[in-house]
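The values are calculated or read from the model by the stated rules, or taken from the named source; none is laboratory data. Because the structure is a prediction, the values reported are computed rather than measured. All Cβ positions, even for glycine, are placed from backbone atoms using ideal geometry, and neighbour counts span all protein chains on display.
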Amino acid sequence: MSSSVKGMRDLWGDELRWFRRIEETAHRVFGAHGYREIRTPILEYTEVFKRSVGDSSDIVAKEMYEFLDKGDRSVTMRPENTAGVVRAMVDHKLLVNNDPQLLYYMGPMFRYERMQAGRYRQFWQIGAESFGVASPESEVESLAMLFDFLQGLGLKSLSLSLNSVGTPESRPAFNAAFRAFFDARADRFCEDCHRRIETNPMRILDCKNPGCQAALEGHPTIVEFLDDASKAHHTRLKELLTTLDIPFTENSRLVRGLDYYTRTAFEVLSSDLGAQSALLGGGRYDGLVKQLGGPDTPAFGWAIGLDRLAMVLKQLHGEAPFEPAPLLIPLGEAASAKALQLAREWWSAGLRVQLETRGCPLKKSLQSANRMGMKLALILGDGEFEKGTLAVKHLETGAQEEWAWNDVPSRLKG
Ligand code: HAM
């Protein structure tokens, strides 16, 4: 076999540098908000996803890497991380005292999807979940963090698309009104929508079929059928977003492809993404903790696709800044022992130096340094060894100078 599994790719070089940059920004920004990192296993019992993401969702119905392990238990490679985080919170009894719990994660997810630009079968997400608070304030805190994170990475043309998907209690009224609307023009909807009207009518709203989208013109909105508390929640959320200058548009057709959402649902689109325009999505999921065996706990969160985010950043800013470390090239046995000693001092002082350990002719080392894009070669030959210096070659210009060993830290920092 000479290729990686379809839809799964190696991360290296520039793309990986963007990933690292994004991850470092996430640790910094989320840490400032008091969020703590959690890492859950990639494999979970299949039930964890069936009971949360939902049997009727595309993810569970078609996209899961699901198999029997050697003990005949059905396990699944996580298609998302919210369910796993909730499972972990319940397992560790972290929600019993009703303290707010703020968590974030990053890692690979797996969905057996049709390939497209920015859509993979192993992809990466960074997500944040806040447990224990039902208020619109907690949503805006999380969204402000999200926007600070994205803006910290230099993203500007972002739009928050917002809806409320109601509660299990308010949905029957919407479903009834929607059913009547659907029946009056049923022949204009696709086969999938005819299936959805029985299983999960709301999902018809985001059918990708243009004919169905046209047929939806004038549809009853979920917001119209919200109970009073959900309506007040939605209004307050919009007020707070406005106060914080977080721009949003209301989108009555936004329903999200996972079944656990209640009230607030949202996506952030980036115009730089083309067909795969959803950079991230999330919302409130007040019923999920209980559904997975925990105490009744409100929750809100979102996850962003790292692959897509890195793609947008590359489009906007080009290559992630990177400078290879200078190459320290000792010539001869005595010099190579000294070079090891010197390099060790410099490494522990936090300097970046790569050591040539091949003992090869200088020309070969310089050729490699050039191919690796290095800017400086620090050469330790016999003459330099005796004087306690290095011959420093600037590889781009060919200019050469001499540095005393003691001066190297300040010179490299400069
Ligand atoms: P999701 O909308 O399924 O939500 O995924 C979130 C993001 O993951 C998407 O907006 C997209 O950027 C990225 N993504 C999804 N599938 C792929 C793929 N095949 N290739 C590349 N990127 C992909 C969730 O996963 C929820 N757990 C979000 C959440 C957290 N809701 C509450 N808390």
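A few comments on the model shown:
- Evaluation of residue 167 against the conditions (1) under 18 Å from the mean Cα position of the chain (by Cα); (2) surrounded by fewer than 20 Cβ atoms within 10 Å (Cβ to Cβ) shows that the sole unmet condition is (1).
- For the range 67-103, filtering for residues that are within 16 Å of the ligand (Cβ to nearest atom), assigned to a loop (DSSP other than H, G, I, E, B) and among the charged types (D, E, K, R) leaves 2.
- Cβ-Cβ under 6 Å pairs, at least 6 apart or on other chains, the range 123-138 side in the same structural domain as residue 90 (by TED's automatic domain parsing) and away from the ligand (no atom under 14 Å from the Cβ), far side among the hydroxyl-bearing types (Ser, Thr, Tyr) and part of a strand (DSSP E or B): none
- Among the residues making up the range 137-163, those that are of a type in the set (A, V, I, L, M, F, W, C) and out of contact with any strand residue (DSSP E or B) (no Cβ under 9 Å at 6 or more places or on another chain) are 140, 144, 153.
- Residue in the range 234-288 that is nearest to the ligand (Cβ to nearest atom), counting only those that are acidic (Asp, Glu) and closer than 26 Å to residue 200 by Cα: 267
- Residue match in the range 64-73 (condition: in contact (Cβ under 8 Å) with a residue 40 or more places away in the chain, surrounded by 13 or more Cβ atoms within 10 Å (Cβ to Cβ) and more than 18 Å from residue 109 (Cα to Cα)): no
- Among the residues of the range 170-195, the ones that are in contact with a helix residue (DSSP H, G or I) (Cβ under 9 Å, 6 or more places away or on another chain) and in contact (Cβ under 8 Å) with a residue 24 or more places away in the chain come to 10 in all.
- Checked against the criteria, residue 258 does not count as among the aliphatic types (A, V, I, L, M) and assigned to a helix (DSSP H, G or I).
- Residue list for the range 51-66, filter: over 18 Å from residue 280 (Cβ atoms) and either away from the ligand (no atom under 13 Å from the Cβ) or within 18 Å of the chain's Cα centre (by Cα) (or both): 51, 55, 56, 61, 66
- Residues that are basic (Lys, Arg) and crowded, with 18+ Cβ neighbours inside 10 Å, drawn from the range 74-97: 78, 87
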